[in-house]
Amino acid sequence: MSPTLHVLRDAPLRARNTFGVEARAAWLGVVDDARALPEALARLPGDQAPLVLGGGSNILFVDDPGMPVLALAGTGIHVLSEDTERVHLRVDAGANWHGFVMDSLARGLCGLENLALIPGTVGAAPIQNIGAYGVEVREFVHAVEAFEPANGEFHRLSPAQCAFAYRDSVFKRERDRYIVTAVEFVLPRRAAPRIGYAGIGEELAAMGVATPDARDVATAVIAIRQRKLPDPAVIGNAGSFFKNPIVPAAQANALKAAHDALPMFPGNDADSRKLSAAWLIDACGWKGHRDPLGSGDAGIAASHALVLVNHGKATGRELFDLARRVADSVHERFGVALEPEPRIIGADWPAAAT
Ligand code: EPU
């Protein structure tokens, strides 16, 4: 069967973003197979780079996208090679991330258990180097396959070429350069459970598991996430709305001296530290806030201060404006600039003067 492209005009995007906000795409191309990308790009209206939409779990539409939208629908999982120690797999960008994690565990493979229940697609995972409970996806990525519209070439990027960092990669830094088409993983058969992150050990103990395997860790992670993070299928959200800020060590130490409870983690180097955005937002009193303005449906989750939520009819603009007020209050009180984690369409997040 030859690869196909389906074009939809004036397509609703509400079901294609986990915030569940209304937005429409003048042109939406759904590509079943990445080999159809050259054709899809040749047919794009205008000369703007397309917005590539994955699971829509890391995007906020403040307005309709002014550019054409592409969705990759391929979901295949293929074993490329295997031996007694590990398995090398190739997964299409459109595959559901959590579905793939559970599939890998069912095959007896380990490594991705701490990343269970993260919303989104496999193709989106390397873009922001998804991470949770002490593990980042970069550790298991063998290569990222990507199409480069500017020259029509398909590439296979090594982890070094992906330039992974905390919630960052070359795909995020050079936004329109590549379209991720598939990700290759190498996963070990033997479990090396990572249970040091706060909460996991306690959860396993409560489950009565003393020597956890990878599936036990996934069960614990799923239980913690279900308790702490609202399910996007029930309440619109995009997970953490803000990145944990990385600030100079001197600033972090001064804040820590004034606020002993502020969680502080290693930064990118010896001179920087990562702070907990959730703690800073919580300290400003936003947790559980429901905005009386507009629809009354924009808010901050009651279970986690880092999660911006749409209780039903909030618009992207209302969510954006609330997020701005949250960031402004944190900046005013602590002198720390928060940056959003999701991509924002239709508005600019102004760089704060620190
Ligand atoms: N905290 C508060 N108030 C809250 C929530 C948390 O003060 O409402 C404080 C607590 O002291 C807690 C600390 O913040 O110990 C850290 O909280 P948590 O363990 O939930 O982690 P996080 O730093 O807020 C990050 C990721 C999450 C990931 C968790 C668990 C980012 C931006 N977020 O959150 O990822 O699930 O760690 O590993 O790095 C996502 O990216 O969408 C996401 C959900």
(request) Determine the calculated [θ] at 222 nm for the chain from helices alone, applying -39500 (n - 2.57) to every DSSP H run no shorter than 4 residues and normalising by the residue count; nearest 500 deg cm²/dmol. (result) -6500 deg cm²/dmol
(request) Determine the share of segment 302-346's accessible area contributed by carbon and sulfur atoms, expressed in whole percent, with a 1.4 angstrom probe. (result) 46
(request) Along Cα→Cβ, 7 Å out, is where each label goes; now give me the distance between the ones at Asp282 and Arg175 in nm to one decimal. (result) 3.2
(request) Could you work out the Kirkwood radius for segment 20-173, taking every pair of different alpha carbons, averaging 1/r and inverting it, reported in Å? (result) 16.6
(message) With every protein chain kept in place and ligands, DNA and RNA left out, what is the accessible area per residue of the chain? Probe 1.4 Å, answer in Å².
(response) 45
(message) Limiting things to C-alpha atoms, what are the Rg and the maximum Cα-Cα separation (Dmax) for segment 5-72, in angstroms?
(response) 11.3, 32
(request) Report the full-extension gain for the segment Ala258 to Arg9: residue separation times 0.36 nm, less the Cα-Cα distance, to one decimal in nm. (result) 84.2 nm
(request) Extending each Cα 7 Å along its Cβ direction at Phe154 and Tyr166, get the distance between those two points in nm, one decimal. (result) 3.7
(message) Two decimals, Cα atoms only, Kirkwood Rh: what is Rg/Rh over segment 134-260?
(response) 1.04
(message) For Ile127, what accessible surface area do you get with a 1.4 Å probe? Give it in Å², rounded to 10.
(response) 50
(request) Hey, could you get me the Stokes-Einstein D for segment 39-107, Kirkwood radius over alpha-carbon pairs, 10 °C and 1.306 mPa s, rounded to whole µm² s⁻¹? (result) 108
(message) Stokes-Einstein diffusion coefficient for the chain at 20 °C in a medium of 1.002 mPa s, Rh from the Kirkwood formula over Cα pairs: what value in µm²/s?
(response) 101
(request) Taking all pairs of distinct Cα atoms, average 1/r, flip it, and tell me the Kirkwood hydrodynamic radius of segment 236-345 in Å to one decimal place. (result) 14.3
(request) May I ask for the distance between the Cα centers of segment 179-232 and segment 79-148, given as a whole number of Å? (result) 13
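Give me the mean projected area, in nm² to one decimal, of the convex hull enclosing the Cα positions of segment 80-132.
Mean projected area of the Cα convex hull: 3.7 nm².
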(message) Which residue fluctuates most in the GNM of the chain (Cα springs below 10 Å): Gly316, Gly66, Gly123?
(response) Gly66
(message) From Cα pairs below 8 angstrom and at least 6 apart in sequence, can you work out the relative contact order of the chain, rounded to a whole percent?
(response) 16
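The values are calculated or read from the model by the stated rules, or taken from the named source; none is laboratory data. If you're wondering where the values come from, they're calculated on a predicted model, not measured in any experiment. Ideal geometry is used to build each Cβ from the backbone, glycine not excepted, and the neighbour counts take in all protein chains shown. Side chains included, ligands, DNA and RNA excluded: accessible areas come from the protein's heavy atoms. Shrake-Rupley method; radii C 1.70, N 1.55, O 1.52, S 1.80 Å.
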